[in-house]
2 protein chains.
Amino acid sequence: MKIQKQLPVNACRQAEGFMRRYQKLVKDVVIPYQYEVLSDRAQGAEKSHVIANFANAGAVLAGKDGGDGFYGMVFQDSDAAKWLEAVAYSLELFPDEKLEEEADRLIELIRAAQDEDGYLNTYYTIKDREKRWQNLMEGHELYCSGHMMEAAVAYYEATGKRTLLDVMIRNAEHIYRHFITEGNDGCPGHPEVELALLKLYRCTGDRRWMELARHFIDVRGTDPHFFAKESKRRGWTLWGMDVEDVYYAQMYAPVREQTDAVGHSVRAVYLYTAMADLASETGDASLFQACRRLWESITRRRMYVTGGIGSTVIGEAFTVDYDLPNDTVYAETCASIGLMYFASRMLEMDVDGEYGDVMECALYNTVLAGMQLDGKRFFYVNPLEVVPGISGTAVTHRHDLPQRPAWYACACCPPNVARTLSSIAKYAYGASEHMGYCHLFVGGEVDFGNGLVVSCETEYPYGFTVTYCVRKGSGGLSVRIPGWSRNWRVLKNGEECAPEVVKGYAYFPELAAGDRVEMVLDDRAYFVYASGRVPADTGCAALKRGPLVYCFEGVDNGGDVLSLTVDTEEEVTAGDAPEGLPADVVSLRVRGFRREETEGLYSSRRPGQAACEILAVPYYVWGNRGENQMRVWVPYRI
Amino acid sequence: MKIQKQLPVNACRQAEGFMRRYQKLVKDVVIPYQYEVLSDRAQGAEKSHVIANFANAGAVLAGKDGGDGFYGMVFQDSDAAKWLEAVAYSLELFPDEKLEEEADRLIELIRAAQDEDGYLNTYYTIKDREKRWQNLMEGHELYCSGHMMEAAVAYYEATGKRTLLDVMIRNAEHIYRHFITEGNDGCPGHPEVELALLKLYRCTGDRRWMELARHFIDVRGTDPHFFAKESKRRGWTLWGMDVEDVYYAQMYAPVREQTDAVGHSVRAVYLYTAMADLASETGDASLFQACRRLWESITRRRMYVTGGIGSTVIGEAFTVDYDLPNDTVYAETCASIGLMYFASRMLEMDVDGEYGDVMECALYNTVLAGMQLDGKRFFYVNPLEVVPGISGTAVTHRHDLPQRPAWYACACCPPNVARTLSSIAKYAYGASEHMGYCHLFVGGEVDFGNGLVVSCETEYPYGFTVTYCVRKGSGGLSVRIPGWSRNWRVLKNGEECAPEVVKGYAYFPELAAGDRVEMVLDDRAYFVYASGRVPADTGCAALKRGPLVYCFEGVDNGGDVLSLTVDTEEEVTAGDAPEGLPADVVSLRVRGFRREETEGLYSSRRPGQAACEILAVPYYVWGNRGENQMRVWVPYRI
């Protein structure tokens, strides 16, 4: 059962601060820029054609000429959905008539592109209506529906406008008819609609959508070879996907029996998010146990220190335990976003700091690194080591780019970052009937919806004091104590106190208006060490401060970071941002050694080591000052 | 021009010792076992069908039933060729009537499988004669011819029997007609025939074969897109190879303009071997310069410390400078064999110790590691780091097996090891009119063919004194001083002396019968360090003694080598072979530290380090005591 629930986006009026600046960037730059891309008007970006696809599908349905037809990936529609969802959250934060009008116009195109029977997908509507529902593996029809349902719910909640919601209810009814009423078999090749249907259920109160979500979750893996059979039955393919691979789409066993996080990492975490959400909606203990096992599989054996997941480009997938290469890693931005969603749903039924810690780690490192500081360029893949000349160049490293490109043919990540940052309140705060929960430290005024209204002040992630004041009402407050904070103290109304701490959360059960809780976290930088089972990190340490993982870039270190060894026993000092980075960025200076170069490729002469100062910057800002070497893990002197 | 030339295999009567034991193993185990495989009689090995293919092709040509047709890879014939070549060399070392009879029977089958016009290839003869010469990229017709020419020359030189030689002369005439007389365009997709034609030229004195070799070398890369055009022209494919990839088969530029070693690494070094051979036969300076550039590209930027080459399984290929991952490496056994051949040909025109050093490194590390100590199992891929659970399992590591399999569907490496070890004298010794050259240290009596007969005594690679005695005649002797030997001394007739040393070779210009030259090399183990530009090796050292690279295996180190750090300033002590390894093996004991395990995947607690002793064994014996962790590069304490 849900112990506490995500708050709606508008429950948090955010104060100026780190996250607010990102949300403004999303509003001022990311959303307009992405609209230009979706409209094929952005210079230097790959063509999107998303809006044209909807217009053309509408024309086809109206018996008119379909214009220049469909262009893009089969899941191109979802880019519009994620953009609309980001717009919805942004409108809650920053009302904007012009933007809302643009969104309404797009929604009109979407409405017109819906078939009479509720079907909605421009690829099939334009290209081949006969092929609908024949290719669940590659077809992405349910995936696109899922994203559009999420957008519909968000847009309705932000604006009160039902057009898109009604479109997506009709679409959900169509899907329900196909899979439940008519009993056609199968489940989504790319999980997504499950988590969306649960949102639609909560928004509409219609239990059919929860039933449909449960159906897809329950069906998955009962016939591991369903997609192979489906492929044989239809006799055509979109891009020759390996339908025999039972791991790629988490089909290897019924979900309640799954133990390892496998396959395409975004598919995995979207699925697990829905499983956790359903488990807490229904109190399904075996489903919760499966979620817990999969959570542990990821976070204890298959996750990067940056909260990145997915060790390989081959299938954009998890590999095996402790296989965490830093240079050929995938660590898709979307996968870390999905990991945040999974963590947030786990938190709803199990208030445990480890979920919040991982959510925070993924957010402040991989998710933020996914976007250039100017909001105009994006990483799909987030390497922990970049060496120009190898990264992005060697055939094994083609995907690990040393610089963010402007847009991708497969553009799932950019709008995903936008929607996640704009709705950060959902992940930062939660509430039960008598308690407000603070999972992430985001400044602003929060209405927990249970009578309690609390303000939060903080300079996080660069300041380590978080102050909560009860503005209205009374009740309990529960605040995550980050696992990374070796020392911390809490003051209640100015007096140090010792709150009850349960599973990483400090509880203040009885607060009244005017009460003030101040949490002072550890501001010291610290090194972390990976398990000795991770071959890629042996002999190495990574540097963190608060939730931020730091990295070493060539631009700050004479061009060469490969020759550096850090001394993790020396003091680390915090300093200003280096030139070219925003003023709020705190750099770290560590002591270490620079190795002299060998003569030739291999040399038996022990290379000299010169003591030196080494500068580190937060991982999320890497690659913002031109192409250069970058490393998160560096050798340390034992 | 050739300053000195490879000796024939029979010029060296090898003494008991390290290499002789390997040659006996090849004779007693490898050759008979491989014959069983080729005859499809070996238990537990993949089916070969090589001999049946020849029988069936002969039947087809005789107008009879082709039996069970063709089975295997398109280049399956070459396995028979390499086996025959190994048999030829082995017969020179160990006359064996029964083996010679077996070889003669196979040669009869081969003769019968040759078409009237001289064409010889069982794949096309059995499956589709119309497709001959249409697919130089994938077809391997020239590759198979090349290997069979090498076998023919070797078998003729060993036995004086001309049957196979005449078959291959007719085959060469057929190829000459097709490419020279008729002027059909193209060059081999897999270089090999070029180096074989040069052997055939030297064996027969017929300059047409050198002309044909030069033609193929000159044509390569003049039209980088030849294979794409060829593919379009024929309209069919064998396995869908990427014909647009101009690097894979070294087609990106005319060979004299090539600068980087690229593409499929075996193709590359077979090509460069022929280029070097041709350059020295013809005195072609621009071709020598190209060879030199490619040599430097490999050995200064793209070679493993084990003499392995080819950083990736994708295309079994070179990647880019300094990209030398230890765990996902390819380092095919055949590629290191080809590197030995290339080095040997470079030595013929440029007596420089660096060629001998690399040849020795490839031989004693990667090539020997390619074979299980029992001679029955083989590595195709030679990783420098193996972690069971990841290696051979993760999708990125499937090719890096933790144990040698019995045979491969693509079985190029096993017979290649056999033929190379049996003919080691060719690479170990060379001669000019007035000088004998000693490139590798292989005990035995060597007739340099210029009047000088010298015996060599040594326990190499485990003993470091090499003693040469002039048995007959007089003349000069030139001995490589290994680059790895920091200290060395030479005694002439018991007196320390200071010979002239030029480019890594010590010269003794005037020796007479009874003269004795004793070279004492450095027997101390030493650590090597990679260039700081190699990301995979930063913070790490590798251990060597003499030419042998050592490695750290789990079985000798409590199961876990990932937690080890070596202290490269402490003394290394040599010791006996651990249980389960041959008695001659010298183990090394180094001081170091074992790191304690972290709590969880990442921990901010600095792990304790316990001083410990670490045992290392030669890399070439790794994986002979069951599946376990193995590392060549380990972190070292700075």
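The values are calculated or read from the model by the stated rules, or taken from the named source; none is laboratory data. Source: prediction; values computed, not measured. Heads up, the Cβs are rebuilt from the backbone with ideal geometry, glycines too, and the neighbour counts pull from every protein chain shown. Side chains are part of the model used for accessible areas, which takes the heavy atoms of the whole protein and leaves out ligands, DNA and RNA. Shrake-Rupley method; radii C 1.70, N 1.55, O 1.52, S 1.80 Å.
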B:Val549 long-range amide H proximity, modeled H, under 5 Å: B:Tyr619
Spatially proximal lysines relative to A:Lys544 (Cα-Cα < 23 Å; intrachain offsets below 8 disregarded): A:Lys503
Shortest-first distances to equivalent copies, position A:Arg21, nm, label 7 Å out along Cβ: 6.8
Pair B:Asp523, A:Asp68: separation of 7 Å Cα→Cβ label points (nm): 7.8
Solvent-accessible heavy-atom area per residue, rounded to whole Å², over the protein assembly as shown at 1.4 Å: 33
Rough spin-label spacing in nm, given labels placed 7 Å along Cα→Cβ, for A:Glu97 and A:Ala285: 5.8
Within chain A, longest stretch clear of exposed chymotrypsin sites (Phe, Trp or Tyr not before Pro) (DSSP loop, no more than 10 other Cβ within 10 Å): A:240-638
Helix-only mean residue ellipticity at 222 nm for chain B, each DSSP H run of n ≥ 4 adding -39500 (n - 2.57), per residue, nearest 500: -10500 deg cm²/dmol
Label point at A:Ala112 placed 7 Å out along Cα→Cβ; residues across segment A:56-79 whose backbone nitrogen lies under 15 Å: A:56-69
Label-point separation in nm, A:Lys472 to A:Arg516, each point 7 Å along Cα→Cβ: 2.2
GluC sites (Glu not before Pro) within segment A:79-176: DSSP coil, no more than 13 neighbouring Cβ in 10 Å: A:Glu116
Listing of segment A:376-397 residues, each with accessible area lower by at least 30 Å² in the full protein assembly than in the chain alone (probe 1.4 Å): A:Ile390, A:Ala394, A:Val395, A:Thr396
Charge dipole magnitude, Cβ of K and R +1, D and E -1 - segment B:5-427, Cα centre, debye nearest 20: 280
At least 30 Å² accessible surface lost relative to isolated chain, residues of segment B:517-561 (1.4 Å probe): B:Tyr529, B:Ala530, B:Ser531, B:Gly532, B:Pro535, B:Thr538
At least 30 Å² of accessible area lost relative to the chain alone, listed for segment A:308-327 with a 1.4 Å probe: A:Ile314, A:Val320, A:Asp323
Cα lying deepest toward the dipole's positive end in chain A, options A:Ala213, A:Ala574, A:Asn326, charges on Cβ: A:Ala213
Potential extension, B:Cys497-B:Arg207 segment - 0.36 nm per residue separation minus Cα distance: 99.9 nm
Accessible-area composition of the protein assembly as shown, carbon plus sulfur, in percent [1.4 Å probe]: 46
Interface A:B - total buried accessible surface [probe 1.4 Å, Å², rounded to 100]: 4700
Cα coordinate range in segment B:258-314, projected on the principal axes (Å, largest first): 35, 19, 19
Label distances, nm, A:Lys127 versus same residue in remaining copies, Cβ-directed 7 Å point: 3.3
Per DSSP, loop GluC sites (Glu not before Pro) in segment B:11-78 with at most 16 further Cβ within 10 Å: B:Glu16, B:Glu46
From the C-alpha gyration tensor of segment B:451-520, square roots of 5λ in Å: 19, 14, 11
Sites matching GluC sites (Glu not before Pro) across segment A:519-587 that sit in DSSP coil, with at most 11 neighbouring C-beta atoms within 10 Å: A:Glu569, A:Glu571, A:Glu579
Greater than 21 Å apart at Cα, pairs in A:Lys47/A:Lys199; B:Lys82/B:Lys161; A:Lys47/A:Lys131; A:Lys82/A:Lys161: A:Lys47/A:Lys199; A:Lys47/A:Lys131
Label geometry 7 Å along the beta-carbon vector: A:Pro509 inter-copy distances in nm: 10.1
Nearest residue to the symmetry axis between B and A, taken on chain B by its Cβ, in whole Å: B:Gly539, 2
